[in-house]
Amino acid sequence: MKILLFGGTGFLGEKLAEHLQKKNLLYIYINKRKSKFKYNIKEAKIKKINYEYINKFVNYNKIDLLINLASLTSVELCQKFKKKSFKVHVELPKILSKISKEQKIRIIHISTDHLFNGKQSNSYKEISKPFPLNYYAKTKLLGEKEVKKSGNFTIIRTNFFGLNKRNKNSFSDRIVSALKNKKQIDLWSNVFFSPLHIENLTYLINFLIKQKIKGIFNLSSQKISKYKLGLLIASQLELNKKLINKNLFDQKKFVKRPLNMSLCNKKILKYFPFLKNKLTLRSQLQILKKEY
């Protein structure tokens, strides 16, 4: 299979590329950032991110699958640089969706868990009504709407952590770094999510590629607060959890965001119940212990 990947030089992109290149011919679009690929990966030489150039590349190289991981993940930066956020989160998915529909090729799009207002106590389902609270979430939701127009899509809503060797800036990186250096760290006890370890996430994305399944899917673990997950990470790695301070997220100090971002994974388990182990918190922590 010939795959064109956008966002392939980020944390998730590099991990996914490692999996995909083993049995596929993988092209990765590179913007300004230089990357040295360790694997059998080719650079997608596209002069400009617009419909004409991307469509020409897809046609010439006979691409079978489009994958979009491109994202400006900082909520604060999206609020500050709205033009850039709109370009990455809305305009690029719109272009890829149009090409997907015209060329009759599938598109896989990575979305977010920030789409809701966070007021309900239960985890959000794929059919839950979105209510974005900030510009990041608004543009990600608009991107989803554009991707749906292709008619041949898989949208994945998720959140993830793990060892980021490039910049050491994932959720778990920040906790482990602070505790190993005997520094205190504040974690929010009133913010809930349901993250996966990046190794499990890349496995699941690769699995869904092979299944050719369409629609929106939550890839998530169980609902947990960021504070409690921090304690579990410290215990798993035998680090001093007393250095973790229990704190509350203050909407007045940061860009507004949902307090409950947790996603329900019942839909994916209904299709593939044997994936249950990949979606448990225990599984995420076991992988984490091996890499730090």
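The values are calculated or read from the model by the stated rules, or taken from the named source; none is laboratory data. Predicted model, so just to flag it, every value in this text is computed and none were measured. Here the Cβ positions follow ideal geometry from the backbone for every residue, glycine too, while neighbour counts run over all protein chains shown.
Annotations
- One residue stands out in the stretch 191-231 among those that are of a type in the set (Gly, Ala, Ser) and in contact (Cβ under 8 Å) with a residue 60 or more places away in the chain: the one that is farthest from residue 15 (Cα to Cα), namely 215.
- Pairs meeting the criteria (first residue in the stretch 250-267 and surrounded by fewer than 21 Cβ atoms within 10 Å (Cβ to Cβ), second residue among the hydrophobic types (A, V, I, L, M, F, W, C) and part of a helix (DSSP H, G or I), beta carbons under 8 Å, at least 6 apart or on different chains) are 254/75; 255/75; 257/75; 257/137.
- Against the conditions (1) surrounded by fewer than 20 Cβ atoms within 10 Å (Cβ to Cβ); (2) modelled with pLDDT of 95 or more, residue 213 satisfies every one except (2).
- Filter result for residue 124 (over 20 Å from residue 154 (Cβ atoms), in contact (Cβ under 8 Å) with a residue 60 or more places away in the chain, crowded, with 18+ Cβ neighbours inside 10 Å and within 20 Å of the chain's Cα centre (by Cα)): no
- Residue 104 meets all of the listed conditions (1) over 21 Å from residue 14 (Cβ atoms); (2) surrounded by 24 or more Cβ atoms within 10 Å (Cβ to Cβ); (3) not acidic (Asp, Glu) but one, namely (2).
- Test: residue 117 is of a type in the set (S, T, N, Q), in contact (Cβ under 8 Å) with a residue 24 or more places away in the chain and within 25 Å of residue 193 (Cβ to Cβ): yes
- Residue in the stretch 235-247 that is within 29 Å of residue 17 (Cα to Cα) and of a type outside the set (Gly, Ala, Ser) present: yes
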